[in-house]
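Data block below; observations after.
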């Protein structure tokens, strides 16, 4: 659905994105992770033809961007760096204006589609009020409605839950999962690890303009070959496991060996009680921190 | 797209406020003239103002002459400066472009909406001038002949026709400012900067027109032929400066729109 090769953008001498090779497949919920200023938004803008790449190629829905923007973009819904509207007009009027501005927005079905979308994002009751009276969360919902109004095949969302309360975040997450289940591919750019972890199937991590990893979430969180153990009798356990303990943190021990059952038998055999036992999995946070930290060791010049 | 741009422009309360303010000045002048009967002496003050006390129909043209030097170009610069920079400022520009609307198409739609505003403003000022003039000033019958600037008599039909020409000419005269504001509007993300830049261009031009040392530049200044619409009320019509004025505006419009287009289609939209 999205494929970039050697995508590079320099603003004068500053390199914002360099050599990016993205691969987003159909039906993915792709999490594009990166810290603030890592080049996420510049990348999103290049995918949508707003910012023109210095070099490299972009393919969206099988066509070259930005050359084929007029055929690609009608099939894409997007939220770029926060929603934007005409404040003096109502939410409904705003959606109608954007829908009428471009292709693929049938006038006949417009008001029905808009009502349905406002309903879906939970704005049906306030769709008539001017947008300047909306809260940040309501604007965010309206922005999402605007992206969805023409049932796009690909959704490109930049920080979609920004400004939403926990309830709103949950609703939007359910909505995105439902859309994905119905066949929409979702490209989600975010700096929120938890959001990506809960929603995405594939993850790309960008750090200072370079893609440091791109893999399925399951692979990134694969067992590490070590076992996580929690016991009230730390000292005894450490004595028994003599040398196999990699690290300890209070009652928690990380032990070499990927077989929790073997470890359990060993400890219980020695009369050590075990609270918790299981293969160690790294959280996405650990993966990302390790990858970006490794890079800062290698790339930072004195 | 063009329909959408027009509806955006005319659904904005500010557009109507601008038009009302634009009509307020000539109306105030008409009220003052009607209550005091102190018209400027012929040859002084804004064009036609001395004649309107005898024939109110001429106040349509007089109203144009009143707003032409400053009020009208300011209104045009505000609206044209808003076009692209205003959308950039509010963030809606990126959503329009990914809708998608081709950049050239967006620029053309903006240009047409600005031109529509200019024409609406000019027609409204002339119309208000006519109504206010008929109501408050010189109660001559509509059929009465009017003295031309050259002194001979013009029939009401001739006056009506020439007033229409003047409306068109004043509209065209504003296009240079509009194109300048539109160009600046593609350069900056601040609507105010674009408007003020276009006004600086205008004031610079007006200033150089008063300077003898700038004589060689004067035929090329955008405001040089603005007041030439007065020539339309000579007998016979003196078209030389009007033609030059139209030609000059066309050149400014072509150059500035070319620059606006070249800048906008290759610009990184970071707003």
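The values are calculated or read from the model by the stated rules, or taken from the named source; none is laboratory data. In this text the structure is predicted, and so the values were computed from the model without any measurement. Positions of Cβ are backbone-derived with ideal geometry, glycine not excepted, and every protein chain shown enters the neighbour counts.
Testing residue A:20 on (1) more than 22 Å from residue A:216 (Cβ to Cβ); (2) buried (at least 18 other Cβ atoms within 10 Å of the Cβ); (3) in contact with a helix residue (DSSP H, G or I) (Cβ under 9 Å, 6 or more places away or on another chain), one condition comes back false. Which one is that?
Single failed check for residue A:20: (1).
Check B:64, B:111 and return the single one that is farther than 30 Å from residue B:187 by Cα, away from chain A (no Cβ under 14 Å) and modelled with pLDDT under 95.
Just a single option satisfies the conditions, and that option is B:64.
Here are the criteria: (1) farther than 24 Å from residue A:73 by Cα; (2) touching a residue at least 60 places away in the same chain (Cβ under 8 Å). Tell me which single one residue A:154 does not satisfy.
Result: residue A:154 fails condition (1) only.
Residues checked against (1) closer than 22 Å to residue B:225 by Cβ; (2) out of contact with any helix residue (DSSP H, G or I) (no Cβ under 8 Å at 6 or more places or on another chain); (3) at pLDDT 95 or above:
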site	(1), (2), (3)
B:80	yes, no, yes
B:129	yes, no, no
B:147	no, yes, no
B:182	yes, no, yes
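For residue A:282, are the conditions met, namely being touching a residue at least 24 places away in the same chain (Cβ under 8 Å), surrounded by 15 or more Cβ atoms within 10 Å (Cβ to Cβ) and out of contact with any helix residue (DSSP H, G or I) (no Cβ under 6 Å at 6 or more places or on another chain)?
yes
Looking at A:125, A:153, which is the one that is more than 14 Å from chain B (Cβ to nearest Cβ), more than 15 Å from the chain's Cα centre (by Cα) and at pLDDT 95 or above?
That would be A:153, the only listed residue that is more than 14 Å from chain B (Cβ to nearest Cβ), more than 15 Å from the chain's Cα centre (by Cα) and at pLDDT 95 or above.
Kindly indicate whether any position in region A:259-279 is surrounded by 15 or more Cβ atoms within 10 Å (Cβ to Cβ) and within 30 Å of residue A:191 (Cα to Cα).
Yes, that holds for at least one residue.
For residue A:100, which of the numbered conditions (1) assigned to a helix (DSSP H, G or I); (2) more than 7 Å from chain B (Cβ to nearest Cβ); (3) surrounded by fewer than 21 Cβ atoms within 10 Å (Cβ to Cβ) fails to hold?
(2)
For region A:57-74, state whether one or more residues are under 26 Å from residue A:137 (Cβ atoms) and in a loop (DSSP other than H, G, I, E, B).
No.
Have a look at B:25, B:53 and point out the one that is surrounded by 15 or more Cβ atoms within 10 Å (Cβ to Cβ), touching a helix residue (DSSP H, G or I) at 6+ places or on another chain (Cβ under 8 Å), free of Cβ contacts under 8 Å to residues at least 60 places away in the same chain and away from every other protein chain (no Cβ under 14 Å).
B:25
Can you spot a residue in region B:203-225 that is within 23 Å of residue B:84 (Cα to Cα), touching a helix residue (DSSP H, G or I) at 6+ places or on another chain (Cβ under 8 Å) and part of a helix (DSSP H, G or I)?
no
For the list (1) within 7 Å of chain B (Cβ to nearest Cβ); (2) assigned to a helix (DSSP H, G or I); (3) under 16 Å from residue B:92 (Cβ atoms), I need the number of the one condition that residue A:88 fails.
All conditions pass for residue A:88, except number (2).
Where residues in region A:33-84 are touching a helix residue (DSSP H, G or I) at 6+ places or on another chain (Cβ under 6 Å) and more than 14 Å from every other protein chain (Cβ to nearest Cβ), which of them is surrounded by the most Cβ atoms within 10 Å (Cβ to Cβ)?
Step by step, filter region A:33-84, then rank; the result is A:33.
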